Every structure is written in C-alpha cells, then in structure tokens.
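Step one of this worksheet: look at the structure below.
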Amino acid sequence: MSINSGLSRRGFLQGSIAALTLAVTAKGLITAAWAEEGTPRYGADGMSGGTVDDPLIFVSIAADGTVTIVAHRAEMGTGVRTSLPMVVADEMEARWEQVRVVQAEADEIRYGNQNVDGSRSVRHFLMPMRRVGAAARQMLEAAAAARWSVPVSEVKAIQHEVVHERTGRRLRYGELAVDAAKQPVPDAKVLNLKDRKDFRYIGKDQVRLVDLEAIGKGQATYGMDMRLPGMVYAVVARPPVVGGRLRRFDASKALAVAGVLKVVEIPAMSGAPAFQPLGGLAVVARNTWAARQGRDALQIEWDGGGNGGYDSGEFRQTLAAAARTSGKVVRNQGDVAQAWSQAPENQRLVAEYHVPHLAHASMEPPVATVRINDGKAEVWTSVQNPVAARDAVAARLKLKPENIRVNVLLLGGGFGRKSKPDFVDEAAVVAQAMPEGTPVKLVWTREDDIRHDYLHTVSVERLEAVIDSRGQVRSWLHRSAAPTIASLFTQNAMGQQIFESAMSAINMPYRIPNVRVETAAVPAHARIGWFRSVANIPHAFAAQCFIAELALRAGKDHREFALDLIGPARRIDPGAMADTWNYTESPERYPYDTGRLRAVIEAACAGAGWGRKLPEGHGLGLAFCYSFLSYTATVVEVAVDDKGEVHVLSVDMAIDCGPQIKPERIRAQLEGGAIMGLSLALLGEITFAKGRVVQSNFHDYEVLRHNASPRTIRTHLVNDDHNLPPGGVGEPPVPPVAPALCNAIFAATGKRVRSLPVRKVV
C-alpha cells in the first residue's frame, strides 16, 4: 500500500477525509553542518533515481491526526522501514504513536533510488528525510499562526500540536491539515532543521520497529506468504551449469502428476548473465508440492556449454598461479621491486590466502508472484531493487514500465542476492504463458537457492612485504586473483575493477614507503554477484592476517604494531591512495580518517581486555577494516581443544559510522555481522565439479548453529558525531570477523590459517 501517486493535491483535499499533504522541493539545499559550500548535493552519487525530499510524496496527515509516512526502501532486517520514517517524525514533531508507515511501490522517479544495496539507505536519505519532516513542521506552524493572526515566530510545533506560547492556545495536527496545505512551500533558505539537543527519536531507542509485533506473531507478509485467489504455483528446472541449455526434454511424466497444469519453457540465458533467468523448464501446478513432484518427473538432457568443465579445486591452482605473476597495477608508489630485491631473506615475508565461493543463503529463498491483466502486470515480491524488477518484467512482457506495479514485501534476508531480480523475470515468463489474470507464484527451493545463486567470488590473495630490523614495514605488494563482478554485465570480463580494488586493497592508509597493488585477469565460470561487503571479505581477510604475521615477525604486540603502522590521526584524500571510487562519495566529505580507525581498534581491544592472561589453548585475535564509509574493528576470543575444534567464546566489535540514528539497529547489525562472519569463516564454501555446484542444502552448505555461536557478543558504538556524514552499517561488520578469528586461532595454537573455511585446526 502507498499514497496514490495519481491523486492531485486539490483532489486529495476534496476527499472524504481532510488531510494535509506537504511539499517542498529543496533542490540544491545543503543544510547539514558538515555540508560545506561548494560540495555536491547530499547523496548525489550517480545512483539511478538519486534522492527525493518532497513531502508531497512522503507525508500525509488525516483529520484524526494520523500521520502517514511512506517507507521507500525495502526492509530486510536493517530496520530501515522504521529508521527513515522515524527521522521524518522527529523533525516534524509527530507523536510516534500516531504515525502509520506504508511501503512504497517501485517508482524511483517519485521516491528516488530504491535499491537497498551498498549500505546507502541512511547514508543517502538521512538529510532528505530530515528536510521532509522540517518542511511539514514549518507549514503546520504557519497555518496555526495564520489562524490565530499572530507572527509565526510566536508558535511552535510540539508533539503533534502547534502551541501559541504566549497565550497557551493549541491546535492539533489534524485540525490544521487543510489550512497547512494552503500554505506556501517554505523556501530552502528558511528551512530550519532541529538542533541535535532537540531530537526526540534520532539517536535514541524508544521507537519500536514498526514490523516487530507482526513478525513476532507470524502475521508479517513476506514473499512466501503471498496468497491470491486462483493462484497457481511454479518451480523451475534450471541448467545445472551456468550458460547451459536444454538439449531435449520429455514432460509427459511431469504432466501426469496430479495437480500439474503446465510445463513452460524459459528461454536460455544469452550473453553476460546480468539479471537474466538461467533458462530451463517451469512446472506449474495447483500447489508447490505437486509442482516439485512434476519437476522431479521431467526427463531432461542438458548441454553444459562453456562452463561444463569448471572444477573449483583445479581453478584454485589457476588463481594461485595468477597471483604469483605480475598483473594489472592499480596502485603504485615508491619502488616495491627494488625494496624487495635489496632486502635480505630474513626481512621478506610472503603469504597467500584463499577464500572460496560463498552463497548468500538467506533464510527466505527467492520468490515472486506475478499477475497479468489488460496489458498490465502486478508483482508481489521480496526484492532489494524493486525498480530493476519492474524493468525486467516490462522488458520481458514488452510493456511500458508504468504498466508494471511492483509491491515490495518484507525480505527474509537478502545480503545482495535479492537485488538481482532474475526470479521475478522467471515468474513473468510463466504468468505470460497462463490464462490472463492467473496469479503465478514462482518459488525457489533451498536447493535452487544454493545451486543457482549469484555467488561471492572465489579468490587467492598474495601478499609480499619487507620488514626491516627495527620492525618497520618498508614495502607491501598485494596481488589479488579473483573473477570480477563485471563479468555479470560484460561477457568474458576479467580483472577486478577499481570499485573492487577500492575495497580494502588499494585504500590502505599505512605508513609504508613502497606500495604496489595488482589484479590478475582470471575468468568467471559462475554468476558472480555482490555479497554483503563484497570484495572487502577476501581483501581484508588477507591484509589483516598478513599484518598479524608481520607483527609476529617484528616481535611486537599485534595491537601496538597495527597502531604504529597506521600512524597518527590524519585525514587522507582517498585519491592519494589511488581510490577514485570511494564508495561513490565525495572525498572531501568522506576522507579516510586514521584517527577514527585507531579509535575503533582501541575500543574493541578495551572491550575484549586485550593483553590479559588467557588459559592455555585460548587466544585473542584482532582485525579492522574501513568499508562503506565506516570504521570497524573486531576482537575474537577462541578456545581450541585437543581435537582441533574451534570454540568461539566472545566477539567484541566496534564501529564508527558517524551519526548514530537508531543505536539498537546498529548493535543488531553488528551482532548479525559477527554471526554471519563466523559462519562464513568456519563453514562457508561452495565448490564445483563438472560445472555444477556440489552443495545443495544446509547439510552440506552449513551455517553457524546456535550451539556453535559465541557465548558473548559485545558491541561498542564509537564517535556519535552528528557533524560527520553518516557511514554504512549493514555491510561493515562482516570483513574483520574472519581475520580476527584466524589471528585468534594462531594466538591459541601457533598454527596459521590462510585458507577458508577453517572447520577445524589440524
């Protein structure tokens, strides 16, 4: 449900409910304390749709005082369906008890960018939502002042009322709705945002998540919960090898299964994967069980295509060979080769690190419902990028995008997988093959999800360093061999792109005179997609483990060595580190601040009691990372028993994300990131044989169970500075977990772990 975009202001006011709809178009407005004159408009990062700060779009007030606020970002556990409306409510002085949140459909022209990827929701929409709320408040105040014939300076909006402070007169928001709508839109120059001291909700935790009760009672609507009259159900038999095709098939036995209605061919993928379906055969039935039984009865012969020989064990050797050979230079300062050649053998250190393919494995597999009627289509789905889903369906059905409505439901996890709407496209193909008006719910099983994911890339990272007799690092070479995400959109693309290298490879602020970073050109034999924290996972794993190895070689405490390597607090232009991407943000507003990095290291170490005496077989490990414009550090404590089993006892995680909008959600993301990071490090691995994914479900693609989770996770929120621009929160917790774990294992056992997953120490 959302506000009717086709309703004019006049029509809205003439409706049966007196309501206020407020508008302000503050184009070019820069009101935050940190937005200096001449900097780009907040959130202007080149993302489709940009940002929108028009209250006509986001806010309405009914005669009974109910404030309806539109949530235009999809909810997958981050709390964004609460956090951004909460910001609006705070600025407009609305009582949260009288706020109603509705979910926007797919429409980036109306709502701005809706792709919930890249930890951008609060980063890009904090200020636009503050402006929305501030405009609403000022128009309400202007309406009250006009009714009382007093200067607007004498009135003030306070918790759903406007008060005339001199006489004590009060008017409720609902009473002012119609009059406020007649007020002129405040000019950008007179749009007054609250001082931090006046925040009621921002930075506090008294606002409960809007979906919490429904989720707790099992009443929330996820994609899997969608039901429509006359609905049919579909599952798909997809090529087991990426790029494979149907050679021949016999559907007679499938059609003989009770409840099966039809078998629909889905066209094979062509060219680069992008968001295309893989192709195959969809079995449509009256229920999901019948559809699955029908799929099992299909007789299919597949052509494996060019990836039919992919073997991940053999490919690891290919990656290792590439990592040992000069590649494309993406950062170069000083003379690494000379420093290496002139250093004695005992001052050289070389290490290689391996991270396998990883599957997203969100608890709710992909699912979409599509109904086509009268040249229009309606979609109900759990998707991170609703506009991409709309465009995919429009292209598939050869309809205009405005004739496609995408209703965004709650997501049972996403992690980047559900921003790729191939599953929605599949549902559109099947719906098109059914009688008009038939709702088709296309469901992926867990096996489908594991075997046909857009996987996190596999990689081998090679690091070489020279460390002198005083324990100072004189040179650093980092060579990364990994299939690139660019292969998703460009056929045969090889070599990581600058945005991948700028995730914890080139943007390292250490005081090292000679630095060289290279990428190797290696092919992709699977669909490579973005994954929670993307290339930061392999790059940080390698770099942070390597720093621990260098500290040992230097004979220094890891924490002290790392702080010395980082050096004193200073603000570094990312461009000085060859990072021209900087997560698409302005380097002036988002420099690399080593003081903030140092602070999270200190906080995590203090929380864990770094330096304390530990029992035999126990160890503490440290790692840190700058990702998605936030600074994180993690300390893990482990105990390794005499069988080599690793027991994670505690995790301390510190983050500096700038202004803290909803601290409880930040802590929840840290805790979830700790569990996910441990799960990936200890258990996560997708392997291939003959082009096919070997794993199929949680028995062989394991995730961390409750009994293996740490007893304690302590979170430390650092530097709640509202003079800073906000950083991301969803993705930054993951990268430092694996290296902190492996460094802790070494501290406990003296054994290095350079390849994931750990599983056990042997």
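The values are calculated or read from the model by the stated rules, or taken from the named source; none is laboratory data. Note that this is a predicted model, so its numbers are computed, not measured. Note: ideal-geometry Cβ built from the backbone for every residue, glycine included; neighbour counts use all protein chains shown.
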* **Test result for E560, assigned by TED's automatic domain parsing to the domain that holds G334, free of Cβ contacts under 8 Å to residues at least 24 places away in the same chain and not in a loop (DSSP other than H, G, I, E, B)** => yes
* Asked: Name the residues in the range 526-546 that are of a type in the set (V, I, T) and either free of Cβ contacts under 8 Å to residues at least 60 places away in the same chain or touching a Pro at 6+ places or on another chain (Cβ under 8 Å) (or both), would you?
  -> I528, I537
* Asked: Do we have any residue at all in the range 679-702 that's within 18 Å of the chain's Cα centre (by Cα) and at pLDDT 95 or above?
  -> yes
* To do: Determine whether the range 511-526 contains at least one residue that is in a loop (DSSP other than H, G, I, E, B), buried (at least 24 other Cβ atoms within 10 Å of the Cβ) and under 20 Å from the mean Cα position of the chain (by Cα).
  => no
* **Given (1) among the polar types (S, T, N, Q); (2) farther than 22 Å from H357 by Cα; (3) not in a loop (DSSP other than H, G, I, E, B), index of the condition N723 fails** => (3)
* To do: Specify which of the listed residues (A291, A256, A268) is in contact (Cβ under 8 Å) with a residue 24 or more places away in the chain, farther than 21 Å from T369 by Cβ and surrounded by 15 or more Cβ atoms within 10 Å (Cβ to Cβ).
  => A268
* To do: Name every residue in the range 448-484 that is of a type outside the set (S, T, N, Q), in contact with an Asp or Glu (Cβ under 6 Å, 6 or more places away or on another chain) and closer than 12 Å to V517 by Cβ, in order of residue number.
  => R462, L477, R479
* Answer residue from the range 497-510, given it is surrounded by fewer than 23 Cβ atoms within 10 Å (Cβ to Cβ) and assigned to a loop (DSSP other than H, G, I, E, B) and is farthest from the chain's Cα centre (by Cα) among those -> Y510
* Asked: Do any residues in the range 670-685 that are at negative phi have Cβ atoms under 7 Å from those of residues that are modelled with pLDDT under 95, where the two are at least six apart or on different chains, and which pairs are they?
  -> L682/R759; L683/R759
* Residues in the range 714-755 that are of a type in the set (A, V, I, L, M), within 22 Å of the chain's Cα centre (by Cα) and surrounded by 23 or more Cβ atoms within 10 Å (Cβ to Cβ): how many? -> 5
* Restricting attention to the range 567-584, does a residue exist that is of a type in the set (A, V, I, L, M, F, W, C), in contact with a His (Cβ under 7 Å, 6 or more places away or on another chain) and either free of Cβ contacts under 8 Å to residues at least 12 places away in the same chain or not in a loop (DSSP other than H, G, I, E, B) (or both)? -> no
* Asked: Across the range 607-656, which residue is farthest from G118 (Cα to Cα) among those that are touching a His at 6+ places or on another chain (Cβ under 8 Å) and surrounded by fewer than 17 Cβ atoms within 10 Å (Cβ to Cβ)?
  -> D641
